[in-house]
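Chemist: First the structure, then my questions, so here it is.
The values are calculated or read from the model by the stated rules, or taken from the named source; none is laboratory data. The structure displayed is predicted, hence computed values, not measured ones. Neighbour counts are summed over all protein chains in view; Cβ atoms, including those assigned to glycine, are modelled from backbone coordinates with ideal geometry. Side chains are part of the model used for accessible areas, which takes the heavy atoms of the whole protein and leaves out ligands, DNA and RNA. Shrake-Rupley method; radii C 1.70, N 1.55, O 1.52, S 1.80 Å.
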Amino acid sequence: MTPIKVGLLGLGTVGAGTFNVLRRNQEEIMRRAGRAIEITMIAVRNVERARALVGDACEVVGDPALVVNNPNIDIVVELIGGVDLTKALVLTAIANGKHVVTANKALVAIHGNEIFKAAQDKGVMVAFEAAVAGGIPIIKSLREGLSANRIEWIAGIINGTTNFILTEMRDKGLDFATVLKQAQELGYAESDPTFDIEGVDAAHKATIMAAIAFGIPMQFDKAHIEGISQLQAIDIAYAEQLGYRIKLLGITKRTAKGIELRVHPTLIPGTRLIANVEGAMNAVLVQGDAVGASMYYGKGAGAEPTASSVIADLVDVTRLATADPEHRVPYLAFQPNAINQEVILPMSEITTSYYLRIRVADQAGVLADVTRIMADLSISIDAMLQKEPAEGEVQTDIIMLTHQTQEKNVLEAIRNIEQLSSVFGPVVKIRLEQLS
Ligand code: NDP
Ligand code: HSE
């Protein structure tokens with residue numbers, strides 16, 4: 001069979017990884033795909049640098065439009081990043097009848113609905129395994145391996161950069177800026193690292209997983225997003241004392257009232273496997289009604305782990321390129337006419353447990369005032385830690401862990417607690433998940 005021709009958009013961390021792995025494992029990949037997969041054209045900004053990397057193996061151009069409009073290319077692999085240019089390129093590639101593989105979670109989470117509709121109308125495939133959790137085949141697992149299940153919830157460490165930062169800060173006592181620089185040098189961080197730090201990247205990925213798990217459209221604009229920039233070392237330390245680790249989790253959960261879709265720092269019991277996922281590693285915990293809990297663990301970022309997923313998509317697309325579009329796996333796991341418009345719940349309606357740190361005057365009656373406010377809102381306390389004031393100080397911290405309650409109750413309790421004259425400064429609130 002003739003080789004399938006691939007046009008690569010971007011030869012950065014993931015693009016170069018894809019080029020190298022495809023070249024190194026060419027024969028093994030061909031035995032799997034049934035056809036050779038050949039990169040024939042690459043678009044980058046810096047053509048000279050790319051030529052130095054790939055030699056004469058393929059044509060290198062400075063204009064990505066030449067790739068998506070090239071009639072000899074069967075599959076376009078988009079590894080540029082960002083959403084404006086790439087949306088236009090991907091839609092043009094689809095309009096030209098080309099299959100698309102992308103690692104671009106922002107593109108899929110924000111414009112996925114429009115892209116899938118265009119692809120469906122044109123009868124081409126759009127594959128995006130690398131968009132979630134780098135090298136872990138989580139899209140395939142959710143879409144195919146778990147298709148017998150009613151998925152109940154997913155919780156994942158799905159941003160390598162922030163997990164790397166949290167781990168290095170805790171283990172080596174390094175400061176935030178130093179560790180972020182390391183993550184950038186290692187190729188983990190997005191071109192704009194605030195996407196990592198502020199939870200946006202994880203929210204893109206959680207949005208994609210929610211769509212595939214529950215058969216709903218991509219609804220990134222409804223995701224609740226909090227990153228790690230406001231996280232304080234003292235809360236990491238208190239959490240450890242209480243037997244918990246703090247991780248940036250992407251969570252999506254099916255409830256009777258709708259779907260929860262949120263990214264935020266989260267306390268997890270230190271004994272859970274996922275609490276011990278360190279460095280740039282990712283892990284996704286999926287609760288299905290038949291299978292129970294299953295966890296998918298591996299490298300969530302970096303050149304070759306991500307290339308592993310990009311090439312797996314290339315193999316899938318190559319195998320199915322000649323199949324009747326009706327018989328391919330649907331983009332969102334559910335048939336397009338079976339996608340539901342379920343509500344994404346506002347944060348006030350979500351239910352979870354909470355860690356609260358309250359700075360108080362070290363005097364009689366404070367604790368009683370705080371617990372009365374909590375009891376009035378039916379918030380039940382699970383554990384409590386009160387530190388002795390430091391030498392010469394008259395203020396101290398009270399740390400409380402609550403049982404599950406609605407977020408709106410906790411917000412009201414915090415408002416009331418902050419009005420007590422014996423309470424100083426804002427109450428720190430971090431959500432807590434047992435993941436049991
Ligand atoms: P890089 O910044 O390392 O590479 C981007 C590439 O795109 C570069 O080769 C750059 O060219 C090229 N490029 C940028 N703008 C243009 C343009 N206008 N025309 C032509 N080429 C252009 O990004 P990554 O490889 O890290 O990421 C690529 C995608 O993969 C992103 O969507 C990212 O979110 C996603 N991803 C990244 C992971 C990672 O670990 N890095 C993991 C999973 C997904 P030049 O080389 O000339 O500058
Ligand atoms: N910036 C992302 C991360 C890359 O750190 O996880 C992988 O998607």
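Chemist: With θ set to phi - 60° and the Karplus curve 6.51 cos²θ - 1.76 cosθ + 1.60, what are the ³J(HN,Hα) couplings of region 218-228 in order, to the nearest whole Hz, using x for Gly and Pro?
Modeler: Per-residue couplings from phi come out as 5, 9, 4, 5, 9, 6, 8, 10, 9, x, 9 Hz.
Chemist: Using 1/(1 + (r/R0)^6) with R0 = 60 angstrom and r between the beta carbons of GLN386 and ALA148, what's the FRET efficiency to the nearest 0.05?
Modeler: Numbers: r = 48 Å, r/R0 = 0.81.
Efficiency for this residue pair is about 0.80.
Chemist: Here's a follow-up. With every protein chain left in place and a probe of 1.4 Å, what is the accessible surface of LYS429, to the nearest 10 Å²?
Modeler: Taking all protein chains as shown, LYS429 has close to 60 Å².
Chemist: Based on the Cβ-Cβ distance from THR255 to ASN25, what FRET efficiency comes out when R0 is 41 Å, to the nearest 0.05? Write out the running numbers ahead of the final one.
Modeler: On the way: r = 43 Å, r/R0 = 1.06.
After rounding to 0.05, the efficiency reads 0.40.
Chemist: May I ask for the distance between the Cα centers of region 144-159 and region 234-289, given as a whole number of Å?
Modeler: 14 Å
Chemist: Calculate the tail of P(r) for region 131-185: the fraction of all Cα-Cα distances greater than 19 Å, expressed in %. Walk me through the numbers on the way to the answer.
Modeler: Values: 689 of 1485 pairs.
Counting pairs separated by more than 19 Å, the tail of P(r) holds 46 percent.
Chemist: Looking only at region 41-71, which residues have a backbone nitrogen under 12 Å from a spot 7 Å from the Cα of ASN96 in the C-beta direction?
Modeler: The answer is 41-43, 63-71.
Chemist: Moving on. How big is the chain by Rg and Dmax over its Cα atoms, in Å?
Modeler: According to the Cα coordinates of the chain, Rg and Dmax are 23.9, 83 Å.
Chemist: By average Cβ neighbour count within 10 Å, what is the ranking of 199-208, 168-177, 259-268 from highest down? Working shown, then result.
Modeler: Details: 199-208: 28.3, 168-177: 13.2, 259-268: 25.0.
Packing proxy ranking, top to bottom: 199-208, 259-268, 168-177.
Chemist: With each label point set 7 Å from Cα along the Cα-Cβ vector, what nm distance links ARG170 and ALA233?
Modeler: 1.5 nm
Chemist: Tell me the net charge near GLY243. Cut-off is 12 Å between Cβ atoms, GLY243 excluded, with +1 for each Lys or Arg and -1 for each Asp or Glu.
Modeler: On the way: positive: ARG245, ARG272; negative: GLU240, ASP382.
Local net charge: 0.
Chemist: Right, next: Once amide H atoms are placed 1.01 Å from N in the peptide plane, what residues at a sequence separation of 5 or more from GLU152, or on another chain, have their amide H within under 5 Å of its amide H?
Modeler: GLN287, GLY288, ASP289
Chemist: Taking a threshold of 24 Å on the Cα-Cα distance, which of the pairs LYS105/LYS247; LYS222/LYS299; LYS387/LYS429; LYS222/LYS247; LYS87/LYS253; LYS87/LYS181 fall above it?
Modeler: Details: LYS105/LYS247 21 Å; LYS222/LYS299 28 Å; LYS387/LYS429 18 Å; LYS222/LYS247 22 Å; LYS87/LYS253 29 Å; LYS87/LYS181 29 Å.
Over 24 Å apart, Cα to Cα: LYS222/LYS299; LYS87/LYS253; LYS87/LYS181.
Chemist: Additional query: Percentage of Cα-Cα pair distances in region 238-367 greater than 27 Å, rounded to whole percent? Don't skip to the end; give the middle numbers.
Modeler: Values: 3816 of 8385 pairs.
More than 27 Å apart: 46 percent of the Cα pairs in region 238-367.
Chemist: Highest first, please rank the peptides 78-91, 318-331 by the mean number of other Cβ atoms sitting within 10 Å of their residues.
Modeler: Order by mean packing, descending: 78-91, 318-331.
Chemist: Residue by residue, what Karplus-based ³J(HN,Hα) values in Hz, rounded to whole numbers, does region 192-197 have, using 6.51, -1.76 and 1.60 with θ = phi - 60° and x for Gly and Pro?
Modeler: Running phi through 6.51 cos²θ - 1.76 cosθ + 1.60 with θ = phi - 60° gives 10, x, 5, 4, 6, 5 Hz.
Chemist: Can you work out D for region 90-202 in µm² s⁻¹ from Stokes-Einstein, where Rh is the Kirkwood radius over C-alpha pairs, the temperature is 4 °C and the viscosity is 1.567 mPa s? Could the numbers behind the result be given before it?
Modeler: Details: Rh = 16.1 Å.
Estimated diffusion coefficient is 80 µm²/s.
Chemist: Over region 350-432, what relative contact order in percent results from Cα pairs under 8 Å that are six or more residues apart?
Modeler: Working: 143 pairs, mean separation 41.0, N = 83.
49 percent.
Chemist: Quick query: amide H of THR352 versus all other amide H atoms, modeled in the peptide plane; which residues come in under 5 Å with a sequence gap of 5 or more or a different chain?
Modeler: For THR352, the qualifying residues are THR405, GLU407.
Chemist: To continue, here is another question. What is the angle, in °, between the Cα long axis of helix 160-172 and the longest principal axis of the Cα atoms in the chain? Nearest 10 is fine, range 0 to 90.
Modeler: Orientation of helix 160-172: about 50 degrees from the principal axis.
Chemist: Tell me which residues come under 5 Å, amide H to amide H, from THR266 once H is placed; ignore anything under 5 positions away on its chain.
Modeler: LYS247, LEU248, LEU249
Chemist: Same structure again: By accessible area of protein heavy atoms, probe 1.4 Å, what ranking do LYS222, LYS98 get, highest first?
Modeler: Numbers: LYS222 105, LYS98 10 Å².
Result, largest first: LYS222, LYS98.
Chemist: Could you give the alpha-carbon Rg of region 295-384 over 2.2 N^0.38 Å, rounded to two decimals?
Modeler: It is 2.10.
Chemist: Same structure, new question: I'd like the Karplus ³J(HN,Hα) series for region 253-266: coefficients 6.51, -1.76, 1.60, θ = phi - 60°, whole numbers in Hz, and an x wherever there's a Gly or Pro.
Modeler: Taking θ as phi minus 60°, the curve returns 9, 8, 10, 4, 8, x, 9, 8, 9, 8, 10, 6, x, 9 Hz for region 253-266.
Chemist: Based on DSSP, what percent of beta bridges with both residues in the chain are antiparallel, to the nearest 5?
Modeler: Percent antiparallel among DSSP bridges in the chain is about 70.
Chemist: When only alpha-carbon atoms are used, what values of Rg and Dmax, in angstrom, describe region 1-152?
Modeler: Looking at region 1-152, its Cα Rg and Dmax stand at 15.5, 51 Å.
Chemist: At 222 nm, what helix-only mean residue ellipticity would the chain give, in deg cm²/dmol to the nearest 500, using -39500 (n - 2.57) for each DSSP H run of four or more? Before the final figure, lay out each step's value.
Modeler: Values: 14 runs with 155 residues, N = 436.
It comes out at -11000 deg cm²/dmol, rounded to the nearest 500.
Chemist: If you average the sequence gap of Cα pairs under 8 Å that are 6 or more apart and divide by the length of the chain, what percent do you get for the contact order?
Modeler: On the way: 909 pairs, mean separation 71.1, N = 436.
Computed over the chain, the figure is 16 percent.
Chemist: Taking 0.36 nm per intervening residue step and subtracting the Cα-Cα distance, what contour gain separates ALA36 from SER378 on full extension?
Modeler: Working: separation 342, 0.36 × 342 = 123.12 nm, distance 6.33 nm.
Additional length available on full extension: 116.8 nm.
Chemist: Let me ask another. Tell me the net charge near GLN419. Cut-off is 15 Å between Cβ atoms, GLN419 excluded, with +1 for each Lys or Arg and -1 for each Asp or Glu.
Modeler: On the way: positive: ARG359, ARG372, ARG415; negative: ASP369, ASP376, GLU412, GLU418.
Computed value for this residue: -1.
Chemist: For region 350-432, what is the Kirkwood estimate of the hydrodynamic radius, computed as the reciprocal of the mean inverse distance between distinct Cα atoms, to one decimal in Å? Don't skip to the answer; put the middle values down first.
Modeler: Working: mean 1/r = 0.0784 Å⁻¹.
After inverting the pairwise mean of 1/r, the radius is 12.8 Å.
Chemist: With angles folded into 0 to 90 degrees, how steeply does helix 176-185 sit against the dominant principal axis of the chain? Use alpha carbons for both and round to 10.
Modeler: 10 degrees
Chemist: Given a Förster distance of 30 Å, report the FRET efficiency between LYS117 and HIS327 from their Cβ-Cβ distance, rounded to the nearest 0.05. Intermediate values should be presented prior to the final figure.
Modeler: Details: r = 19 Å, r/R0 = 0.64.
After rounding to 0.05, the efficiency reads 0.95.
Chemist: Order these peptides, 3-12, 21-30, by their mean beta-carbon neighbour count within 10 angstrom, highest first.
Modeler: So the peptides 3-12, 21-30, ranked by packing, come out 3-12, 21-30.
Chemist: Here's something else I'd like to know. How much accessible area per residue does region 118-184 have, counting only protein heavy atoms and a probe of 1.4 Å, in square angstrom?
Modeler: 36 Å²
Chemist: Right, next: Mean projection of the alpha-carbon convex hull of region 138-298 over all orientations, in nm²?
Modeler: Numbers: hull surface 38.4 nm².
About 9.6 nm², averaged over all directions.
Chemist: Taking the DSSP beta bridges in region 138-298 as the whole, what percent of them are antiparallel, to the nearest 5?
Modeler: Working: 28 of 30 bridges.
Antiparallel: roughly 95 percent of the beta bridges in region 138-298.
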